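Where a number appears in this text, it was derived from the coordinates with a stated rule and is not lab data. Computed from a predicted model, the values in this text were never measured in an experiment. Glycine also receives a Cβ, built like all others from the backbone with ideal geometry; neighbour counts cover every protein chain displayed.
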Amino acid sequence: MYIGDYNQLIQLGYIYNGSIGRLPETFISAHLFRDSLPGAKPVADTIALNQLVKSRVSTLVAFKNVRFEAIGEVFAPQTVDNTNRTLMDASGNEIVVRTSKYSNFSGDTIPAGYGTVTGILSVFGSTWQLTLRDINDLSDFGGAGPPPPPPGGGTGTKDDPYDVPKARNLQGQSISGWVKGFIIGSVKSGVTSVTSAADFDFAAPFSSATNVLLAPSKDETDYNNCIIVNLPSGSPLRAAVNLLDNPENLKKELNVLGTLRTYFGMAGLRDCPGQDGDFELEGGVTPPPGTVYLNEPFETGIGNFTAYNVLGTQQWSHDASYKYMKMSGYQDGASHQNEDWLISPAMDLTAATAAYITFDHTINKGEMSNLQSNHTLWISTNYNGEAPSTATWEQVTIPVYPAGNNWVFVNAGKAAVPAAYLGQQNVRIAFKYLCSDNESATWEIKKVKVAND
C-alpha cells in the first residue's frame, strides 16, 4: 500500500486516478482484517475542544460535556453522501462531526443535552473533523452539562453592550446585540479555522483586514477568552477598524453591533451592519483619505489666518491681483529688520492618524544663504492669539524651497504633521518671516492645505 496526503491528512491507500486514494476491492482481503488485532482494545484519550493539535490526527479521542447543535435531526440524510454536524462545548468551542450516509447509524436521531462523544480525529485543510465509529461512540447524553462560563455583563444595547465573557456565553443562539471589548489582534491571512495562538497576529505587521480579535481586557493573552469580530467588505467598519490598515487601533476599545455566532471555528460576532452608527471606536474613527483640516488658497484675502508683527513696520499683506499672501522687509529703497508671523486658525486633529501640510510659494530678492533660515514653517497647540512668543512652537521642515532668485511658484511638497500633534485640538501652523537691515527677500504664499493624504 502507499502513504499519501489528502488536504493535510496522511492517508494509507493505493494508486487511484494518478494519486493515492481508495484501495481496490480485490486487495481488501489481503490488507484489512476485522476484529483480529492483537492486544488490548484501543482507549480514547480525553481532550478538550480547544486542545486540537495535529499530533492527535488519526487517533481515537473523546470529548466530555459536549452537545450537538442540530438536536432532533438525523446524523446523515440519504440525500447527500456526507453530512457535517456541529459539536460544541459550553464555552462555544466547536468541531465538525462528519458522517456518511452509508453508516449504519445515519438515520439515528441526534440526542439532546450534554454527553461524551468518542471518535477518530481528522482534519480537512484547516477544518477539524471527527468521525464516529458507530452509535456507541455517544454516551451519557441528556445531562445538563457543566456549569456555563461566567455570565458576564450587559444587555446587548448600545449603551449597555455585552462584555466579551457574556458574548462567548451566548454563542450558538444567533442573538444580535452590541459587544464591547479591546482589540488585541486578528486572525492571520489564509487561516480558515483557528487551532492555536499561531493562527493570530498579535502585533504589527498585521496580515488581514477581514477581522479583529476582541478581548475582555487589553492585557488578555489567551485567545480562548476572546471573540472574533467579522469586518464586512467595503464597510466603514472595516475601513476604520481593521489592523492591516490601522495598526494604531491595537489595544483600543471597540463597541460594535452584530450577531453572536461561530467565526473561524470559535466564538464570534458576525453579520455586522458595519455602517456609521453601528460601531464606536475608542478615540473616534480615523478620517477617510481625503479629509481636509485646513484649506486656504488666499484668493480673496487673508481668510481666517492672522498676521502678527513682532518686529519692524512691514507685515504680511494680501495681493488681490495675483491672489496670494506676501511679506517683504524692503520699503522705500532699503531693507528693514523684521519678524512677522502668518498664523492659521485652530484645527481639530483629534481623529487624525496622519496629516500633511502643503502650499505653493516663491522667494526672491534675498540672500541665498538665508533662504531656508529666514522662511520657516512652525506648529503649535497652545497659541492663544497673543504674541507668538507666548506659545510653544515646533519647526516643521519644508520639503521643497523655490529657487530663490525668480518669481516662479513651486509646491512645497508634503510636510508631515509631527506625531505629537495628531490627536490634538487647537493645532495651528504658522509661516515665520525674518530679514535684516542688510537684506530682505519677498516671500509669497498661496494654496495652503492641511489634509490626511
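I need the fraction of alpha carbon pairs in segment 2-81 separated by more than 19 Å, rounded to a whole percent.
Counting every Cα pair in segment 2-81, those more than 19 Å apart make up 66 percent.
Taking the mean number of other Cβ atoms within 10 Å as a proxy for protection, how do you rank 117-125, 405-413 from highest to lowest? Please list the in-between numbers first.
Numbers: 117-125: 18.9, 405-413: 13.8.
Most protected by this proxy first, the peptides run 117-125, 405-413.
For segment 345-360, what does the Karplus curve 6.51 cos²θ - 1.76 cosθ + 1.60, with θ = phi - 60°, yield as ³J(HN,Hα) per residue in whole Hz, taken in order and with x for Gly and Pro?
Those phi angles translate into x, 5, 10, 9, 10, 4, 9, 7, 10, 6, 7, 9, 9, 9, 6, 9 Hz.
Quick one: plug the Kirkwood hydrodynamic radius of the chain (C-alpha pairs) into Stokes-Einstein at 25 °C, 0.890 mPa s, and report D in µm²/s.
The estimated diffusion coefficient comes to 89 µm²/s.
Around residue 396, which amide H atoms from residues at least 5 apart in sequence, or from another chain, sit under 5 Å from its own amide H, with H modelled in the peptide plane?
Counting only residues 5 or more places away or on other chains, the set is 377, 378, 379.
Give the peptides 415-427, 72-84 in descending order of average Cβ contacts within 10 Å, highest first.
On the way: 415-427: 16.1, 72-84: 13.8.
Going from most to least packed, we get 415-427, 72-84.
Show me, bin by bin at 5 Å from 0, the whole-percent P(r) of segment 331-370 based on Cα pairs.
5, 9, 16, 21, 15, 11, 10, 8, 4, 2
Largest first and in whole Å, give the semi-axes of segment 292-451's equivalent ellipsoid, each being the square root of 5 times a Cα gyration tensor eigenvalue.
Semi-axes (√(5λ), whole Å): 25, 17, 15.
Between beta-carbons, use under 15 Å as the cut-off and find the net charge around residue 84, counting Lys and Arg +1, Asp and Glu -1.
Residues near residue 84 contribute -1 overall.
For every other residue with a beta carbon closer than 12 angstrom to the beta carbon of residue 421, add +1 if it is Lys or Arg and -1 if Asp or Glu, then tell me the sum.
Values: positive: 428; negative: 348, 394.
Net charge around residue 421: -1.
Express the Stokes-Einstein translational diffusion coefficient of segment 164-281 in µm² s⁻¹, to the nearest whole number, given a Kirkwood radius over alpha-carbon pairs, 37 °C and a viscosity of 0.692 mPa s.
241
Compare the peptides 208-218, 192-202 by average per-residue count of other Cβ atoms within 10 angstrom and give them in order, highest first.
208-218, 192-202
Any of 365/414; 158/252; 64/166; 54/188 with alpha carbons more than 20 Å apart? Name them for me.
Over 20 Å Cα-Cα: 365/414; 64/166.
Ordered by residue, what ³J(HN,Hα) values in Hz, to whole numbers, does segment 409-421 give under the Karplus form 6.51 cos²θ - 1.76 cosθ + 1.60, where θ = phi - 60° and Gly and Pro are x?
6, 10, 7, 6, x, 9, 8, 5, 5, x, 4, 5, 9
Under a Cβ-Cβ cut-off of 14 Å, what is the net charge of the residues other than residue 312 that fall near it, where Lys and Arg count +1 and Asp and Glu count -1?
Its environment carries a net charge of -4.
Quote to one decimal, in nm, the extra length available between residue 202 and residue 389 on full extension: 0.36 nm per residue of separation minus the C-alpha distance between them.
Extending this stretch completely gives an extra 62.8 nm.
Whose amide H sits under 5 Å from the amide H of residue 440, counting only residues 5 or more places off or on another chain, with H placed in the peptide plane?
Residues meeting the criterion, in which the H sits 1.01 Å from N, are 367.
When we measure straight from the Cα of residue 432, which aspartates and glutamates land under 20 angstrom away, once same-chain ones fewer than 8 places off are left out?
296, 319, 339, 340, 360, 367, 386, 394, 444
Using only the Cα atoms of segment 1-142, what do you get for the radius of gyration and for Dmax, in Å?
Rg and Dmax of segment 1-142, Cα atoms, are 16.1, 47 Å.
Once phi is turned into ³J(HN,Hα) by the Karplus curve 6.51 cos²θ - 1.76 cosθ + 1.60 with θ = phi - 60°, what whole-Hz value does each residue of segment 103-110 show in order, with x for glycine and proline?
5, 7, 10, 4, x, 6, 8, 5
Using only the alpha-carbon atoms, what does segment 39-98 span along each of its principal axes? Please give whole angstrom values in decreasing order.
The Cα atoms of segment 39-98 stretch 38, 32, 20 Å along their principal axes.
Work out how far the C-alpha atoms of segment 58-133 reach from end to end along every principal axis, then list the three figures in whole Å, largest first.
32, 28, 18
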